[in-house]
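Below is one structure, written out as structure tokens, with a few remarks after it.
The values are calculated or read from the model by the stated rules, or taken from the named source; none is laboratory data. The shown structure was predicted, so the numbers you read here are calculated from the model rather than taken from an experiment. For neighbour counting, all protein chains shown are included, and Cβ atoms are generated from backbone atoms with ideal geometry for every residue, glycine included.
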């Protein structure tokens, strides 16, 4: 009879590190207590992509969508949505944004609109959810404004691109290959450029 190796014991320290912070030890949802964390400058960048038909993209750029100026309305919706993040995400802390920029760039080669949201704050907790909410709400607004003329329109690639500040410091999403991204990077269409900042 061969002696087997002793069974591996779970790494309790690693398991503790991976424990969900928004779930208590009894399994109940909870907000994370950030009262002992210092307020530091924090920044996050998120993006989303809305795929549309080429004819729809042209109509958006030319301002020919029946519901109005898609780019302006969607960018403003992203700003407004980010300010209400704590009301939409149950366990998210309400924080004061010091800056918020939502930019939507039409891309001819990929036939869609790339939405980029940058959020900043000075707080004891991060601002990633605000950036993601801004990008998501802007994408939903684009969809709402074009769905009547383009049923094939769809939202994809809502994701955090980078963040800075706090205990974990800086993080940046690694560059993806063209195959992983689904399409090669393409120059943006020469359309109007919009920037909107939160008003405090």
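Sub-6 Å Cβ pairs linking a first residue in region 44-68 that is over 30 Å from residue 128 (Cβ atoms) to a second residue that is modelled with pLDDT of 95 or more and part of a strand (DSSP E or B), at least 6 apart or interchain, are 61/106, ordered by first then second residue.
The residue of region 145-178 that is nearest to the chain's Cα centre (by Cα), among those that are free of Cβ contacts under 8 Å to residues at least 60 places away in the same chain and surrounded by 12 or more Cβ atoms within 10 Å (Cβ to Cβ), is 173.
Scanning region 64-73 for any residue that is within 25 Å of residue 168 (Cβ to Cβ), modelled with pLDDT of 95 or more and outside any helix (DSSP H, G or I) turns up nothing.
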